[in-house]
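The values are calculated or read from the model by the stated rules, or taken from the named source; none is laboratory data. Model, not experiment: these values are computed from the prediction. Cβ placement follows ideal geometry from the backbone for every residue including glycine, while neighbour counts extend to all protein chains displayed. Side chains included, ligands, DNA and RNA excluded: accessible areas come from the protein's heavy atoms. Shrake-Rupley method; radii C 1.70, N 1.55, O 1.52, S 1.80 Å.
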Amino acid sequence: MASFSDMFLEFPPAQEASAGGYLSDEEEENLVDSEESRKFWEAQSLALEGTLYRSNSLESKIRNLTKEAVKEVRIGGNGSFCTCRRPVANGCLDCLMREVSGKLRAEGLNSAICRTKWRKTVDIPSGEHSFIDVVDNSNPKRGEVRIIIDLSFRAQFEMARAGEDYNRLIHLLPEVIVGKAERLEAVIKILCAASKKCMKERKMHMGPWRKLKYVQAKWLGVCERTSSLGGGFGLGRDRAGGAGLKPKASMLRFDLMRGAAVEVV
C-alpha cells in the first residue's frame, strides 16, 4: 500500500489575481485544467460504482459462496498444506485460490483455477496471471455465463505514487471481485483510463504493464482451466469427485467482440 503522504495529488498553490484584477493566461489555463480534472474523476467514480453495483442473481449467489469460502479457509485453514509448507489460512495466494475453488466445486459449481499467459508484442511485455472462474450453463435461454473471481483484485491497480483522486477511485474496488467477464471488462476500461489520467497529471511515465491491452490479457486472454495451479501442488483428495482425480484442463479465451467464453480447440 502507498504511504499516506504519497496519496495526495499536489496542485499548485492558489495565487492572487494579477494586477488590475485579471488572471494571466497561465492562471486561466490552470483553472480550466483543474475543472476538467475534477469532472473526469467524478465521472470515473460514478461509472465505476454503477458498474460494480449492477449485479444479477447468479453473481450475487457466487459472491456469497466465495465470501463464505474465503472466511472458512482463513479462519480454519483446514490443516491443508501446499509446497510452501504453511497453513492455507496464513499461506500464499495460490493456496487460497486452490481451496476456495475446491469449496465452490463442492457446492456443485463448475469452478476452476485459470491461468492466462501471453507473449510479448510491440505494445506490451509478456506475462501471466492466475484467478478463479465459474462457468454456468444452468439456463439454456441465457447460454453460457462465465463469472470471474480474483481474490486480490484491488492490489492489481494500486500505485505507490498515485494522487488522491486515483487512490479514492481505487478504494471503491473490493479486495475480492466476483462478476461476469463482461462486467470485469467494463471495470478494467474505467481503471485503465484513470491510471493514464493519473500518470499524466503526476507527470509520470506510464509503464506498458498498465496499458489496457496488458491488463485485459490478465483476465480476458486465453486461459487454461484446471483444479490446481500445478508446479508442485499436491491435490490430495479432489473435491470435484474422488481421490487423486484431476479434471481435464481446457483452454478458454474471451471473445471481446461478442463477450463470450469460447473453447479453443
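Restricting attention to segment 209-219, does a residue exist that is without any contact (Cβ under 8 Å) to a residue 60 or more places away in the chain and out of contact with any Leu (no Cβ under 8 Å at 6 or more places or on another chain)? Taking every residue of segment 209-219 in turn, at least one turns out to be without any contact (Cβ under 8 Å) to a residue 60 or more places away in the chain and out of contact with any Leu (no Cβ under 8 Å at 6 or more places or on another chain).
Test of understanding: among Ile113, Ile132, Ile124, which residue is touching a Phe, Trp or Tyr at 6+ places or on another chain (Cβ under 8 Å) and assigned to a strand (DSSP E or B)? Result of the check over Ile113, Ile132, Ile124: Ile113. Looking across segment 163-211, the residues that are of a type in the set (A, V, I, L, M), assigned to a helix (DSSP H, G or I) and within 24 Å of Asp33 (Cβ to Cβ) come down to Leu169, Ile170, Ile190, Leu191, Ala193, Ala194, Met199.
Checked across segment 64-82, the condition of being over 15 Å from Ile177 (Cα atoms), hydroxyl-bearing (Ser, Thr, Tyr) and modelled with pLDDT of 90 or more holds for no residue. The one condition from (1) over 21 Å from the mean Cα position of the chain (by Cα); (2) open to solvent by 70 Å² or more (accessible area, probe 1.4 Å) that Asn139 does not meet is (2). If you check Glu59, Glu27, which single one turns out to be surrounded by 13 or more Cβ atoms within 10 Å (Cβ to Cβ), at pLDDT below 90 and of a type in the set (Asp, Glu)? None of the other options fit; the residue is Glu27.
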